[in-house]
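The values are calculated or read from the model by the stated rules, or taken from the named source; none is laboratory data. Being a predicted model, the structure only gives us computed values, none of them experimental. Cβ placement follows ideal geometry from the backbone for every residue including glycine, while neighbour counts extend to all protein chains displayed.
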Amino acid sequence: MLSVRHLIDTTSLTADDITQILDTARSFAEINSRKGIKKVPALRGRTIVNLFLEPSTRTRSSFELAEKRLSADTLNMGGSTSSVVKGESLADTIQTIDAMNVDMFVVRARFAGTPQKVTENTDAIVINAGDGKHQHPTQAMLDLYTIREHFGHLDGLKVAIVGDLAHSRVCGSLAPALKTMGADVTLVAPPTFQIGDPSWYNCNQTNHLDDVIEDMDVVYMLRVQLERMEGAAIPSRREYNRLYGLSLEREARMKPDAIICHPGPMNRGMEIDAEVADCARSRILDQVTAGVATRMAEMYLLLGGEGNGISD
Ligand code: CP
C-alpha cells in the first residue's frame, strides 16, 4: 500500500512508495512483454474516468492501455466534448460523474491545482496526469523506472535536467523524486529558464551545459515549452540549440555508459538534435514503454487490487 490516497505530486511520496511503484511496474512490464495475452484481472469491475482537458499523446494512450490491461472499465472525457464547453464548472462536472459511482479519475489539465480540486469534489481516487506548470508525477515514475532499469539503482547517480525548467512540470516532479531516491541532481538552464530558488530541493544549478555534461550518468533534456512562454525568454531557436541543445558533439563527450532521456514531445533541432534522439544512448522510446507498466502499477496500488493475477 502507498502512503498517499491520491497521486497528485511526487513530493508527497516516500522512498518506500516509489520503490513499491517501480517494483510492481516490473511485474507488469513482464506481462506487457508477453507474446500472447497481455491482460490481468487486477481491476476487473473498477471504473476509471480519463478526464483530459489538455492535449496528450503519450500519457493519455498509455493510461488507456494500462487500464485495458488491468481489465478496468473506462470512460474517456475531453474538454471539447463535454459540457465544460457550455460553461459547466469543473466542480459540477466532477460531481456529475461522481454520482455515477466511479472509482478513479485520471486528470490532465492546463491549470496547476486542477487534480487537487477534483479530490475536493469526489470520493474517488485521483491521479494527476499533468497539471499546468505544477507536477507530472506519473511521468517522473516512468523516468525513474527507465533509469533504474539501465543502472540497476538510483542512489548516487548524477542526473542533469536540462532546459526549460521554469515552465516544466516534468522537472517539478522528477527532481524531487530523484532526490528522494538519493540521486545527485544538477539543473542546467539559461538564467531566464532557471528555478528562482537556488536551494530548491538541494539541487545543483548551473547555466553551462558544457561544464557538467562529461560528469553525468543521465542527461535529461526538457522540451522548450513555447506555448507556456510570455515574451522573448530565449534569443532564438538557433541560439538556444547552440548553447543548450544536445548535439552529436556533446553526446560524444558523455560518459561511456551514460544515457539520454526526454519526456516528449520533442522539438528536434532545438533542445535535441535528431541524430541524438535516435542514437544508441537514447532511452526515449524505453520511457514510453515504461509508461504503461508504471501507470498500471500506480492504479493497481492506489485501488488496492487483490486476487489480481499479477503473478500469472
Ligand atoms: N510526456 C508527456 O506528458 O507527453 P504527452 O503530453 O504526449 O502526454
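Quick rundown of the values:
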read-out	value
Sole residue being of a type in the set (S, T, N, Q), within 16 Å of the ligand (Cβ to nearest atom) and crowded, with 18+ Cβ neighbours inside 10 Å, chosen from T59, T24	T59
Hits in region 26-45 (condition: more than 24 Å from the chain's Cα centre (by Cα) and not in a loop (DSSP other than H, G, I, E, B))	none
Index of the failed condition, R228 passing every other in (1) at pLDDT 95 or above; (2) charged (D, E, K, R); (3) within 16 Å of the ligand (Cβ to nearest atom)	(1)
Within region 42-51, tally of residues that are surrounded by 23 or more Cβ atoms within 10 Å (Cβ to Cβ) and within 16 Å of the ligand (Cβ to nearest atom)	1
Candidate set from region 263-275 (those that are assigned to a loop (DSSP other than H, G, I, E, B) and out of contact with any Ser or Thr (no Cβ under 8 Å at 6 or more places or on another chain)); member that is farthest from the ligand (Cβ to nearest atom)	G269
Enumeration of residues in region 82-112 that are away from the ligand (no atom under 16 Å from the Cβ), assigned to a loop (DSSP other than H, G, I, E, B) and of a type in the set (A, V, I, L, M, F, W, C)	A99, M100, V102
Residue pairs meeting the criteria (Cβ under 8 Å; at least 6 apart or on separate chains; first closer than 28 Å to E149 by Cβ, in region 29-56; second acidic (D, E) and within 16 Å of the ligand (Cβ to nearest atom))	L43/E67; I48/E67; N50/E64; N50/E67
Tally of residues being buried (at least 22 other Cβ atoms within 10 Å of the Cβ) and either on the phi > 0 side of the Ramachandran plot or more than 14 Å from the ligand (Cβ to nearest atom) (or both) across region 126-143	2
A112, sole failed condition from (1) surrounded by 20 or more Cβ atoms within 10 Å (Cβ to Cβ); (2) touching a Gly at 6+ places or on another chain (Cβ under 7 Å)	(1)
Leading residue by the ranking (farthest from the chain's Cα centre (by Cα)) among those in region 62-81 that are touching a residue at least 60 places away in the same chain (Cβ under 8 Å) and either away from the ligand (no atom under 16 Å from the Cβ) or assigned to a strand (DSSP E or B) (or both)	A72
All helices (runs of 4 or more DSSP H) inside region 113-222 with 1 or more residues being farther than 30 Å from R242 by Cβ and of a type in the set (A, V, I, L, M, F, W, C)	114-119, 137-151, 169-180
